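Trainee: Below is a structure I'd like to ask you about.
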Amino acid sequence: MLVVAAFVCCMGSITSDLGVLLGWLLALGWYWVAVFVHEAGHAVAAAACGWRILVFVAGPFGYHIHNREFAVIPRSKRSEFAGFVLPTPRSAAVWTRSRAAIISAAGPLASVILALVSGAVAITSRNADLGGGFDLSLTAAGLSLMSTATALITLTPSRAGKRASDIQQVTQSLRTDDAKWLKTRAIARLYGLVKHQIRLRDLPTWMLEESRIRTCDDNVLMRGHEALEIAIEMDKQVVDAKLVREMLCDFRERHGDDAWTGSSAAYLAAVWERDRRAARASLWQGDIEEELRPFAFAAEAAIAALEGDGSAATLLLKHMRKAIRQKSAFSDCSFRDIEQQVLGLLPT
């Protein structure tokens, strides 16, 4: 209702013949401003708390600061309705529950401040005559309503199964048991960074070390950490194939075989060991989770390229790129190099 009222105010603020159209565009502009200020609140608070901002998305526009890439972000690829900020602590010293709560609360606070300021402008300019068929009071009221709606959305608990709203993140940060929070925070943050296209070999080493220590007594968490360590080794500029093979064999003995292990072993054999038979034998034949499909396509493409089947390799790489685009609007630097590695296997 607030958003609709904001659109009505904006369309009523312009009395020219094109008032409805211009008012509609103005309302969309105010929507983006309200979202930008909200996300900027998160970003400023994160910087003040000693955290880094890796990704900043406001509405359909996003900038991957770590990868230095602009992108248009469709609604389906935004972790929140309007936008999102991806902050991460620079060190364990600044990684506290209170600072995480402050960062989450700063977005709604920025929205409330913008709503109050623009609301004050709307009230004080009610009798102002700027001429030209433009009503400053209604325009400011539109921005105030839009920012109020943004604040209320993020202060309302999300439905079950949806990403936690800002208010839920604040309460979770303050209520979570210290031992539980410390146990899972590193491994959860690392996988969150990878999900948002932070390159594997660029993950913070101090956070990886904390993850290794915190997960050592939990088989499920340790499995996730060890898989991440193997993936990092395979993402390095110079890959030690012997070391990765030993890590994979040890991983398989303790955790069993699955789609990720099979794809990793197949890719390693094809690209770094140039063993066509071992690669084909290692390739996983069962069901593959959606998040693993890009790498599974890459492993199969590498085998096809090593076997000299350029058409199959090219088609599989196309499927790989499509699967990556379904996950994120930003580029994946690791898979960009993977594609070049696969193409390098094709006969000249």
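The values are calculated or read from the model by the stated rules, or taken from the named source; none is laboratory data. These figures come from a predicted structure and were not determined experimentally. Note: ideal-geometry Cβ built from the backbone for every residue, glycine included; neighbour counts use all protein chains shown.
Trainee: Kindly indicate whether Asp250 is closer than 22 Å to Lys327 by Cβ and surrounded by fewer than 19 Cβ atoms within 10 Å (Cβ to Cβ). Reasoning before the result, please.
Mentor: Values: closer than 22 Å to Lys327 by Cβ: no; surrounded by fewer than 19 Cβ atoms within 10 Å (Cβ to Cβ): yes.
No: the conditions fail for Asp250.
Trainee: A further question follows. Restrict the check to segment 287-307 and report whether at least one residue is outside any helix (DSSP H, G or I), surrounded by fewer than 15 Cβ atoms within 10 Å (Cβ to Cβ) and over 28 Å from the mean Cα position of the chain (by Cα).
Mentor: Looking only at segment 287-307, we keep the residues that are outside any helix (DSSP H, G or I), and these are 287-289, 307.
With the extra rule that they be surrounded by fewer than 15 Cβ atoms within 10 Å (Cβ to Cβ), the set shrinks to 287, 289.
Imposing the further condition that a residue be over 28 Å from the mean Cα position of the chain (by Cα) reduces the set to none.
No: zero hits.
Trainee: Taking segment 143-168 as the search range and keeping residues that are in a helix (DSSP H, G or I) and surrounded by fewer than 19 Cβ atoms within 10 Å (Cβ to Cβ), which one is modelled with the lowest pLDDT?
Mentor: Applying the first criterion (in a helix (DSSP H, G or I)) to segment 143-168 yields 143-154, 166-168.
Restricting the remaining residues to those that are surrounded by fewer than 19 Cβ atoms within 10 Å (Cβ to Cβ) gives 152, 167-168.
Details: Leu152: 91, Ile167: 90, Gln168: 87.
Taking the candidates together, the pick is Gln168.
Trainee: Here are Leu228, Leu243: which of them is of a type in the set (A, V, I, L, M, F, W, C), touching a helix residue (DSSP H, G or I) at 6+ places or on another chain (Cβ under 7 Å), surrounded by fewer than 16 Cβ atoms within 10 Å (Cβ to Cβ) and assigned to a helix (DSSP H, G or I)? Spell out the reasoning first.
Mentor: Values: Leu228 fails: surrounded by fewer than 16 Cβ atoms within 10 Å (Cβ to Cβ).
The unique qualifying residue is Leu243.
Trainee: Applying the selection to segment 231-258, what residues are touching a Ser or Thr at 6+ places or on another chain (Cβ under 8 Å), within 17 Å of Ala270 (Cα to Cα) and charged (D, E, K, R)?
Mentor: Asp235
Trainee: Contact list please: Cβ distance under 9 Å, first residue in segment 47-61 and without any contact (Cβ under 8 Å) to a residue 12 or more places away in the chain, second residue assigned to a strand (DSSP E or B), pairs at least six apart or on different chains.
Mentor: Sorted first by the residue in segment 47-61, then by its partner, the pairs are Ala47/Ile53; Ala47/Pro87.
Trainee: Same structure, new question: Out of curiosity, is Ile103 assigned to a helix (DSSP H, G or I) and either modelled with pLDDT under 90 or closer than 16 Å to Glu39 by Cα (or both)? Let's see the steps before the verdict.
Mentor: On the way: assigned to a helix (DSSP H, G or I): yes; either modelled with pLDDT under 90 or closer than 16 Å to Glu39 by Cα (or both): yes.
Judged against the criteria, Ile103 is a match.
Trainee: Just for segment 1-60: of the residues that are part of a loop (DSSP other than H, G, I, E, B) and hydrophobic (A, V, I, L, M, F, W, C), which one is surrounded by the fewest Cβ atoms within 10 Å (Cβ to Cβ)?
Mentor: As a first pass, look at segment 1-60 and keep what is part of a loop (DSSP other than H, G, I, E, B): 1, 13, 15-18, 49-50, 59-60.
Remaining after also requiring hydrophobic (A, V, I, L, M, F, W, C): 1, 18, 49.
Values: Met1: 7, Leu18: 11, Cys49: 19.
Filtering segment 1-60 for residues that are part of a loop (DSSP other than H, G, I, E, B) and hydrophobic (A, V, I, L, M, F, W, C), the one surrounded by the fewest Cβ atoms within 10 Å (Cβ to Cβ) comes out as Met1.
Trainee: Of everything in segment 182-218, what is more than 22 Å from Ile324 (Cβ to Cβ), touching a residue at least 12 places away in the same chain (Cβ under 8 Å) and of a type outside the set (Lys, Arg)? Give them in sequence order.
Mentor: If the condition is that a residue be more than 22 Å from Ile324 (Cβ to Cβ), touching a residue at least 12 places away in the same chain (Cβ under 8 Å) and of a type outside the set (Lys, Arg), then Leu182, Thr184, Ala186, Ile187, Pro204, Trp206, Met207, Leu208, Glu210, Ser211, Thr215, Asp218 are the ones that fit.
Trainee: Does any residue of segment 308-326 turn out to be in contact with a strand residue (DSSP E or B) (Cβ under 7 Å, 6 or more places away or on another chain) and of a type in the set (A, V, I, L, M, F, W, C)?
Mentor: Of all residues in segment 308-326, those in contact with a strand residue (DSSP E or B) (Cβ under 7 Å, 6 or more places away or on another chain) come to none.
Looking for residues that are in contact with a strand residue (DSSP E or B) (Cβ under 7 Å, 6 or more places away or on another chain) and of a type in the set (A, V, I, L, M, F, W, C), one finds none in segment 308-326, hence no.
Trainee: Somewhere in segment 308-318, is a residue closer than 24 Å to Leu193 by Cα, polar (S, T, N, Q), assigned to a helix (DSSP H, G or I) and at pLDDT 90 or above?
Mentor: Among the residues of segment 308-318, not one is closer than 24 Å to Leu193 by Cα, polar (S, T, N, Q), assigned to a helix (DSSP H, G or I) and at pLDDT 90 or above, which makes the answer no.
Trainee: Right, another one. Please work out which residue is modelled with the lowest pLDDT, limiting yourself to segment 73-93 and to residues that are of a type in the set (A, V, I, L, M, F, W, C) and touching a strand residue (DSSP E or B) at 6+ places or on another chain (Cβ under 7 Å). Let's see the steps before the verdict.
Mentor: Taking segment 73-93 as the starting set, the residues that turn out to be of a type in the set (A, V, I, L, M, F, W, C) are 73, 81-82, 84-86, 92-93.
Subset that is touching a strand residue (DSSP E or B) at 6+ places or on another chain (Cβ under 7 Å): 73, 84-86.
Working: Ile73: 83, Phe84: 90, Val85: 93, Leu86: 94.
Within segment 73-93, the match that is modelled with the lowest pLDDT is Ile73.
Trainee: Only one of these is over 29 Å from Glu273 (Cβ atoms) and free of Cβ contacts under 8 Å to residues at least 60 places away in the same chain: Ala227, Ala179. Name it. Steps first, answer last, please.
Mentor: Details: Ala227 fails: over 29 Å from Glu273 (Cβ atoms).
The unique qualifying residue is Ala179.
Trainee: Okay, next question. Tell me the residue from Val117, Val112 that is more than 21 Å from the chain's Cα centre (by Cα), farther than 15 Å from Leu155 by Cα and not assigned by TED's automatic domain parsing to the domain that holds Glu210, please. Even if it seems obvious, please write down each step before you answer.
Mentor: On the way: Val112 fails: farther than 15 Å from Leu155 by Cα.
Of Val117, Val112, the one residue that is more than 21 Å from the chain's Cα centre (by Cα), farther than 15 Å from Leu155 by Cα and not assigned by TED's automatic domain parsing to the domain that holds Glu210 is Val117.
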